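Working notes for the structure below.
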Amino acid sequence: MVRTILAVLAVIAITAGAQARDERFSGAWNGVLDVGAAQLRLELRIEENEEGYRAVMVSVDQGGAAIPVSNMDVEYPQIDLQMAAMGARYTATLTEGRLAGTFSQGGAEFPLEMARGAVEATGPELAPGESEVFVDAGVRLAGTLRLPEGDGPHPAVLMLNGSGSQDRDVTIGNHRIFAVLSEALAEAGIASLRLDDRGMGGSDNTPATGPHELGTDAGAALAFLRAADGVDARCTGILGHSEGGIIAFLLPDASQPDFIIALAPQAGTLEETLLEQGEAMNRVMGASEEVIEATRARQLAMLEALRASPPGEAVEAVEAAFIAHGIPAEAARQQAAFWGQQYVQEAAALDPAAALAGYDGPVLGMFAGNDLQVLAEVNAQRMREARAGLPTALATVPGVNHLFQASETGSPAEYVSAPHAMSPDALALMAEGAGEIIAEACSAGR
């Protein structure tokens, strides 16, 4: 559900407490984090303020999100950046004008050396038929509109990605998931709009408080898409992946799509999803029954803490729940910084079945046979039951993981090392399914 920083390295915003400042660390730094399957260009900007330092680390190749960090300690010649929400850390020593150190997360460590200077700025990579656009949704959302060849007007989809902060291309390692999918859709004569998440790339850094707020964003983006030159305003829908597959059903009544394509949608509650994926991933890793049960107990305790806490006030309760179930205090604090957010509270309260049943237009649900994050069989059955009597087509693509990549086990560890951003077979099935649902929706004149 939530990818690690090693899969999608975000932007890290850091504010240190009051301390003596050392100008030798101030300014811009750049380096390349080599995680094996991907090389990520990073830029670290350190500024002084009255209270100490403010720093921002940007993953140039993957957009950027402002992620709060627990602490920043500076004691020449050493610097220590702690990123509690992601359980990550960068420690380095300033030597001969360079920062030489280690980036660590989840027990994995990678050398990271940074030199003085900023990374040369570049705009988003645009393919033929693509243009940079900006959507006013109360916050500014930057994105890419892609039109197929020909005069049009073309049927079109708004693309909604899954949970976690992601750029418009859903860049994971060297893979650009949505860019590849957009290309396949264009070849099938379908226009698309894909957007940077809030806080990523060119979008405003205003965090959403919950899934329904992202549904409102999607409504504004769909209206923008309908008004775009070359787009058939009477034949525009949503293609959502994972959490985006449920956000697609949360648009305001005045902004309903003509059709919905849901790829590996989270058709279960957050509790069901977390418990199922936790057990599935533990089993793939060969965990014992004791470990599986302990994981389940911690997840249930965390979810109960979310339910029992007032909106936006769950962090301490979640931290206490983790500690009570054997998580060391520092790790519990880091995990609680994420799981205790108000957004997670609202996501935990969401009823996907009601959302699925509330839309009466045509829906295509596609699931991934090796998916360990949104289990195919159980979630397809949930969608089937929730949409009983409503126009719905369901399909499962065999041999692919949550990102619809060819996969042996479905483990997220395979995401960056997959041979393709998306399986060519899966892309062909998606384009074919999109064409069929578009023909159904648009001939009906919704």
Cut-off 13 Å between beta-carbons: net charge of the residues surrounding Thr95, Lys and Arg +1, Asp and Glu -1: +1
Among Glu290, Glu243, Glu408, residue whose mean-square fluctuation peaks in a GNM of the chain (springs only between Cα atoms under 10 Å): Glu290
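At 1.4 Å probe radius, can you tell me the per residue accessible area of the range 313-368 in Å²?
Numbers: 2370 Å² over 56 residues.
Here the residues of the range 313-368 average 42 Å² of exposed surface.
Quick one: pull the percent of accessible area on the chain belonging to carbon and sulfur, 1.4 Å probe, ligands and nucleic acids left out.
Numbers: 9490 of 18520 Å².
Of the solvent-accessible surface of the chain, carbon and sulfur hold 51 percent.
Could the peptides 90-96, 409-415, 366-372 be put in order, highest first, of the mean number of other beta-carbon atoms found within 10 Å of their residues? Walk me through the numbers on the way to the answer.
Working: 90-96: 16.4, 409-415: 19.1, 366-372: 23.1.
Ranked by mean Cβ neighbours within 10 Å, highest first: 366-372, 409-415, 90-96.
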MRE, 222 nm, helices only [DSSP H, n ≥ 4, -39500 (n - 2.57), over the chain, to nearest 500]: -9500 deg cm²/dmol
Extent along principal axes [Cα atoms of the range 198-349; Å; largest to smallest]: 57, 32, 28
Other-chain or far-sequence residues with amide H under 5 Å of Arg45's (modelled H): Trp29, Val56, Met57, Val58
Full-stretch length increase - Ala118, Glu47 - with 0.36 nm per residue and alpha-carbon distance subtracted: 24.2 nm
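Give me the percent relative contact order of the range 262-317, please, defined on Cα pairs under 8 angstrom at least 6 residues apart. Intermediate values should be presented prior to the final figure.
On the way: 20 pairs, mean separation 15.4, N = 56.
Reported as a whole number, the value is 28 percent.
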Crossing angle, helix 376-386 versus the chain [Cα axis fit, 0-90 degrees, rounded to tens]: 50 degrees
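Students often check this: by mean Cβ neighbours within 10 Å, which of 223-234, 136-147, 255-266 ranks highest, and how do the rest follow? Don't skip to the answer; put the middle values down first.
Values: 223-234: 16.5, 136-147: 20.0, 255-266: 26.2.
Going by the mean number of other Cβ atoms within 10 Å, highest first, we get 255-266, 136-147, 223-234.
Return one whole number: the accessible area per residue of the range 180-260 in Å², for a 1.4 Å probe. Kindly include the intermediate steps, with their values, before the conclusion.
Details: 2570 Å² over 81 residues.
Dividing the accessible area of the range 180-260 by its residue count gives 32 Å².
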Virtual paramagnetic centre 7 Å along Cα→Cβ of Ala428, amide N under 15 Å, in the range 401-418: 406
Calculated FRET efficiency for the pair Thr95/Asp253, C-beta based, R₀ 56 Å, to 0.05: 0.40
Neighbour net charge for Asp196 - beta-carbon separation under 12 angstrom, K R +1, D E -1: -2
Between the range 229-254 and the range 348-409, the Cα center-to-center distance that results, in Å: 16 Å
Additional length obtainable on full extension of the chain from Ser131 to Glu187, 0.36 nm per residue less Cα span: 18.5 nm
Computed label-point distance, nm, for sites Glu377 and Glu304 using a 7 Å Cα→Cβ extension: 3.0 nm
Approximate spin-label separation Glu75-Ser443, in nm, with each point projected 7 Å along Cα-to-Cβ: 7.3 nm
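The values are calculated or read from the model by the stated rules, or taken from the named source; none is laboratory data. Predicted model, so just to flag it, every value in this text is computed and none were measured. Cβ coordinates were reconstructed from backbone atoms using ideal geometry, including for glycine residues, and neighbour counts include every protein chain displayed. Just so you know, the surface numbers come from the protein's heavy atoms only, side chains and all, with ligands and any DNA or RNA stripped out. Shrake-Rupley method; radii C 1.70, N 1.55, O 1.52, S 1.80 Å.
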